[in-house]
């Protein structure tokens, strides 16, 4: 019994799991090789209501809450972590658009998003500003009824595949810090936008890369919220996405554990199953315990968000702990399979996929600083 998931959410989770097993998992390794996200599969996910279910119905969602998004996210990630980026990016960007875009601008994009017809990127990181997001230098200047963007974003998920991006740019001076940052919705087919893709170890179907803006003119009505408030908007959104990331990587870890338990119970050595040897079974039991606990923390964070309760510290815990734990789990599982795990295949791809989350979307050091400030006070833990 799970205290955070009622019967309806458990049924939703099982529904999503059956779909993911049947439709997403079979193409897992092939998408890693081709590095192409399956758009037809995206549309199927949209038809099933699996993209942005927490968004209001008026925007194409189902108003089901963040826990609903979480259990769907788990099911998709268990089958293919790269494919679950569709859910992650939709929830993070969808929340920003639903809350801060003008309805006539945001609604058509959100409807495409939830139908699986559009993929969004969130363009925050820059070459000189990763964890220090308040130091952004990409410029956005008002020119009549438009804004003109110049600069570069880097290490952006889905950079070369996204149809639109929520871009964070400096409208004030550098001295203004975070208070001088604004957010704008930018269609990726505008003149002056160019993109590339990195050769990353994992998450290859979704990919990462850079987006370059050279005198890109965006209609002023695409501004999200008010000028100078973009940094606040994205930080609020990250509390949600950090819990989703936790569930995302833990789903991969749990899949690896499930397969490893089955393997060590069947594989014989010295006349016994491998699981009879404590050197094999105890490390797995230890990791099973930690994955169960970390998952409950992620679900608790979404439960708090659904009730409008503070959850920034809990979200930070999810973000630093779950990716490190997931990597340790998959690493141990790979070793348990011996040479079979080391061969290219499902287990080694999982190891590559989860590794990136110890870097992107906030490092462990930043997350621990957030937690420390929550406990000791910001004055006691200065920047």
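Quick notes on this structure:
- Condition check for residue 308: part of a loop (DSSP other than H, G, I, E, B) and out of contact with any helix residue (DSSP H, G or I) (no Cβ under 7 Å at 6 or more places or on another chain): yes
- Scope region 219-230; condition buried (at least 22 other Cβ atoms within 10 Å of the Cβ), assigned to a strand (DSSP E or B) and out of contact with any helix residue (DSSP H, G or I) (no Cβ under 6 Å at 6 or more places or on another chain); matching residues: 223
- Any hit, region 192-202, residues being in contact with a helix residue (DSSP H, G or I) (Cβ under 6 Å, 6 or more places away or on another chain), at pLDDT below 95 and farther than 23 Å from residue 97 by Cα: yes
- Pair list, Cβ < 6 Å and 6+ apart or interchain, from region 352-380 residues that are assigned to a loop (DSSP other than H, G, I, E, B) to residues that are at pLDDT below 90: 363/131
- Test: residue in region 268-276 that is free of Cβ contacts under 8 Å to residues at least 40 places away in the same chain and surrounded by 18 or more Cβ atoms within 10 Å (Cβ to Cβ): yes
- Counted residues, region 134-163 - those being under 12 Å from residue 218 (Cα atoms) and under 20 Å from the mean Cα position of the chain (by Cα): 0
- Candidate set: region 87-103, residues that are free of Cβ contacts under 8 Å to residues at least 60 places away in the same chain and either in a loop (DSSP other than H, G, I, E, B) or surrounded by 24 or more Cβ atoms within 10 Å (Cβ to Cβ) (or both); chosen: the one nearest to the chain's Cα centre (by Cα): 90
- Qualifying residues in region 168-187 (those that are buried (at least 20 other Cβ atoms within 10 Å of the Cβ) and modelled with pLDDT of 95 or more) - the one farthest from residue 203 (Cα to Cα): 184
- Residues in region 193-216 that are exposed (fewer than 14 other Cβ atoms within 10 Å of the Cβ) and in contact (Cβ under 8 Å) with a residue 24 or more places away in the chain: 196, 201, 214, 215.
- Odd one out for residue 226 among (1) over 19 Å from the mean Cα position of the chain (by Cα); (2) under 30 Å from residue 35 (Cβ atoms): (2)
- Residue match in region 104-126 (condition: under 13 Å from residue 166 (Cβ atoms), more than 20 Å from the chain's Cα centre (by Cα), part of a helix (DSSP H, G or I) and not assigned by TED's automatic domain parsing to the domain that holds residue 300): yes
- Yes/no for residue 365 being modelled with pLDDT under 95, surrounded by fewer than 13 Cβ atoms within 10 Å (Cβ to Cβ) and outside the structural domain of residue 154 (by TED's automatic domain parsing): yes
The values are calculated or read from the model by the stated rules, or taken from the named source; none is laboratory data. Computed from a prediction, not measured in an experiment: that's the story for all the values here. Quick reminder, even Gly has a Cβ in these numbers, built from the backbone with ideal geometry, and neighbours come from all protein chains shown.
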